[in-house]
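**Student:** The structure is given below, and queries will be raised subsequently.
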Amino acid sequence: QVQLVESGGGLVQPGGSLRLSCAGSGILFSINHMGWYRQAPGKQRELVATMSSGGSTNYADSVKGRFTISRDNAKNTVYLQMNSLKPEDTAVYYCNRVPVRVNYWGQGTQVTVSS
């Protein structure tokens, strides 16, 4: 059974930084195409960053240059470093495969960017 556990969210001022973590069990991130998704209140869930099994990365235009996805194979953990945060980055952040597996969704971690 796959379990994804996100952590690292919190309240941060505009311009601040956070690093999110996604720890996985029952799935090897090193051989899967993984992504970070987010869902803001009243909006659909969107894909913001991906990393292929080979290490290639892609980003949504809205976060390009500010967010960095990375992976630690030894810890089977995927990270999302978020810099220069904006109020519009406020959302619940999730990790999942790309494309998603519906039964892989975790609880997510709340990120709130506000002064």
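**Student:** If one computes P(r) from the Cα atoms of the range 36-102, what percent of pairs lie at distances over 13 Å? Working shown, then result.
**Tutor:** Numbers: 1438 of 2211 pairs.
Result for the distance tail: 65 percent.
**Student:** Same structure again: Defining a contact as two alpha carbons under 8 Å apart and six or more residues distant in sequence, what relative contact order in percent does the range 33-100 show? Let's see the in-between values first.
**Tutor:** Numbers: 105 pairs, mean separation 26.0, N = 68.
About 38 percent, as a whole number.
**Student:** Would you please put 65-76, 86-97 in order of how densely packed they are, using the mean number of other Cβ atoms within 10 angstrom per residue and starting with the highest?
**Tutor:** Numbers: 65-76: 14.5, 86-97: 19.2.
The packing order, highest mean first, is 86-97, 65-76.
**Student:** Could you give the Stokes-Einstein D for the range 73-115 in µm² per second, using the C-alpha Kirkwood radius, 37 °C, 0.692 mPa s?
**Tutor:** Working: Rh = 12.3 Å.
Translational D for this selection: 267 µm²/s.
**Student:** Given a 1.4 Å probe, how much area per residue of the chain is accessible, in Å²? Let's see the in-between values first.
**Tutor:** On the way: 6030 Å² over 115 residues.
With all protein chains present, the chain gives 52 Å² per residue.
**Student:** Once phi is turned into ³J(HN,Hα) by the Karplus curve 6.51 cos²θ - 1.76 cosθ + 1.60 with θ = phi - 60°, what whole-Hz value does each residue of the range 106-115 show in order, with x for glycine and proline?
**Tutor:** For the range 106-115, the Karplus-derived couplings read x, 7, x, 9, 7, 10, 10, 10, 7, 8 Hz, x marking Gly and Pro.
**Student:** Okay, next question. For the chain, compute Rh as the Kirkwood radius over C-alpha pairs and then the Stokes-Einstein diffusion coefficient at 4 °C and 1.567 mPa s; write the answer in µm²/s, rounded to an integer. Please report the intermediate quantities before stating the final value.
**Tutor:** On the way: Rh = 13.9 Å.
Stokes-Einstein gives a translational diffusion coefficient of 93 µm²/s.
**Student:** Quickly work out the Gln44-to-Val2 label distance, labels modelled 7 Å from Cα along the C-beta direction, and quote it in nm with one decimal.
**Tutor:** Roughly 2.1 nm, to one decimal.
The values are calculated or read from the model by the stated rules, or taken from the named source; none is laboratory data. Keep in mind it's a predicted model, so treat the numbers as computed, not measured. Neighbour counts are summed over all protein chains in view; Cβ atoms, including those assigned to glycine, are modelled from backbone coordinates with ideal geometry. For accessibility, only protein heavy atoms count, side chains too; no ligands or nucleic acids. Shrake-Rupley method; radii C 1.70, N 1.55, O 1.52, S 1.80 Å.
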